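Taking it in order: structure first as structure tokens, then the write-up.
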Ligand code: GUN
Ligand code: ZN
């Protein structure tokens with residue numbers, strides 16, 4: 001693994017005070033529901049003390065308070081914001097991204113299950129996890145909620161690679177005891193036991209967090225869902241993640257498997273799986289009673305636009321979700337999703353909203369990809385903003401990253417237009433650098449960052 005040490009901080013790379021001069025953006029509220037939802041400092045300064053944010057504000061004001069000798073990393077002309085948060089992604093599906101199939105269920109059969117089988121080999125899991133995390137960092141994503149496979153060693157490999165990079169990651173072992181190939185099947189009992197062992201080993205170890213991960217209702221028996229719900233109650237500060245109401249064939253299948261449930265979501269509710277830190281991917285075919293229940297239990301939605309378009313699953317309904325005030329976040333859903341980039345994900349999310357008659361301003365999309373994700377995960381104050389004391393996970397975006405971006409962004413008239421151009425035209429090339437807990441782990445160009453010393 002190649003970790004890029006911050007070239008301007010010899011010795012301990014994250015020790016002491018570091019300051020970064022750039023335009024700064026971070027959110028304090030959801031711009032869909034509040035005025036003054038964000039802080040924007042055109043000529044800003046971000047001050048990082050070791051692994052945490054100390055201050056974010058105007059350069060002219062904060063500069064005077066810097067102790068003599070503090071290094072100021074000069075990113076003028078670029079934009080610094082909190083690292084992106086991707087609330088639903090499958091690391092074992094990295095190697096099968098962009099595999100064609102006419103819908104979710106044939107895609108799972110043809111590509112997903114054979115690909116996940118390979119994670120019985122811990123060395124394969126380690127190699128894929130390493131590539132996956134570096135790819136997230138290249139795209140500016142510093143936290144993700146990640147599905148591993150049914151193999152506990154796939155979780156061990158993932159957390160070990162995440163810990164090496166000191167990333168704040170959430171991950172879990174898939175629980176799956178029916179309607180899948182024998183080679184990927186656990187049992188209700190072994191799935192719960194192995195999940196509990198992983199919780200005890202990894203949950204809250206450094207920056208790692210555990211998610212109880214029943215794949216989706218069709219691949220779990222009632223006994224397995226019961227035990228997953230019991231684990232979620234026994235360990236209330238763990239996460240829980242699953243898929244719901246993604247595709248009409250899948251919804252019909254769930255109806256036939258659970259005829260007594262009022263709805264697909266109600267299957268999970270019945271087993272005690274709706275609560276804060278529960279993350280439900282897709283949520284396309286919910287009804288208003290489901291949405292009300294999501295809001296009431298503070299369960300959150302992962303909106304997976306690129307995946308939903310790719311697999312022809314449907315369009316997420318923003319108007320109804322917002323009317324119910326459901327916690328929302330954005331996700332790539334790789335490998336059903338077609339990009340690791342949250343900027344490309346915003347691009348397609350915007351179009352999904354338009355097709356459904358809603359309008360998503362760029363400010364809202366950047367909120368959803370940062371503070372909205374943190375709030376959906378109950379991590380506000382820890383990640384997703386520059387509030388003092390938050391963990392210093394941040395990215396540097398370059399509005400001049402490509403000739404077209406440079407041309408377009410030099411003609412924008414306000415912040416919304418600038419962010420809109422970044423969301424619609426941006427991708428991994430737009431991410432000039434990614435910092436994790438105060439330490440630079442990705443730099444697009446190997447050129448040293450210009451620095452001036454405050455004397
Ligand atoms: N539903 C159950 N498993 C999966 C998966 O791996 N990807 C997607 N998109 N949907 C699922
Ligand atoms: Zn998924």
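Values quoted throughout were computed directly from the atomic coordinates according to the rules given, and no laboratory measurement underlies them. Nothing here was measured: the structure is a model prediction, and the numbers come from that model. Note: ideal-geometry Cβ built from the backbone for every residue, glycine included; neighbour counts use all protein chains shown.
Using R₀ = 45 Å, calculate the FRET efficiency as 1/(1 + (r/R₀)^6) where r is the Cβ-Cβ separation of residue 201 and residue 407; round to 0.05.
0.30
Counting alpha carbon pairs within less than 8 Å and at least 6 residues apart, what relative contact order, in whole percent, applies to the chain?
In percent, rounded to a whole number, it is 21.
Return the percentage of antiparallel bridges among DSSP beta bridges fully within the chain, rounded to the nearest 5 %.
Looking only at bridges with both residues in the chain, the antiparallel portion is about 50 percent.
Let me know the volume per residue of the alpha-carbon convex hull for the stretch 349-455, in Å³.
Per residue, the Cα convex hull of the stretch 349-455 comes to 151 Å³.
Under a point spin-label approximation (7 Å from Cα along Cα-to-Cβ), what is the residue 178-residue 39 distance to one decimal in nm?
Spacing of the two 7 Å Cα→Cβ label points: 5.2 nm.
If a paramagnetic tag sat 7 Å from the Cα of residue 249 along the Cα-Cβ line, which residues of the stretch 83-115 would have the backbone N under 17 Å from that point?
The answer is 99-114, whose backbone nitrogens lie closer than 17 Å to the label point.
Taking the convex hull of the alpha carbon atoms in the chain, what volume per residue do you get, in Å³?
In the chain, the Cα hull volume divided by residue count equals 131 Å³.
Run the quick spin-label model on residue 325 and residue 193: label points 7 Å from Cα toward the beta carbon, then report their separation in nm to one decimal.
Distance between the two pseudo-spin positions: 4.5 nm.
Would you mind ranking 382, 142, 402 so that the residue whose beta carbon has the fewest other beta carbons within 10 Å leads the list?
Starting with the residue having the fewest Cβ neighbours, the order is 402, 382, 142.
Kindly provide the helix-only [θ] at 222 nm of the chain, computed as the sum of -39,500 (n - 2.57) over DSSP H runs of four or more divided by all residues, to the nearest 500 deg cm²/dmol?
After summing the helix terms and dividing by residue count, I get -9500 deg cm²/dmol.
Using the 10 angstrom Cβ neighbour count as an exposure proxy, how do 50, 35 rank, fewest first?
Ordered by Cβ neighbours within 10 Å, fewest first: 35, 50.
Neighbour counts of other C-beta atoms within 10 Å: give me 285, 253 arranged from fewest to most.
By the 10 Å Cβ count, ascending: 253, 285.
Apply the a/c threshold of 1.5 to the C-alpha gyration tensor of the stretch 357-399 and tell me whether it is rounded, prolate or oblate.
oblate
Shape of the stretch 219-327 from its Cα gyration tensor (a ≥ b ≥ c, root eigenvalues): rounded if a/c is under 1.5, otherwise prolate when a/b > b/c, or oblate?
Oblate, since a/c reaches 1.5 and b/c is not below a/b.
Enter the Cα centre distance for the pair the stretch 172-227 and the stretch 50-90, rounded to the nearest angstrom.
Taking the Cα centre of the stretch 50-90 as reference, the centre of the stretch 172-227 is 38 Å away.
Using a 10 Å cut-off on Cβ atoms, rank the peptides 93-100, 69-76, 244-251 from the highest mean neighbour count down.
Result, highest mean first: 244-251, 69-76, 93-100.
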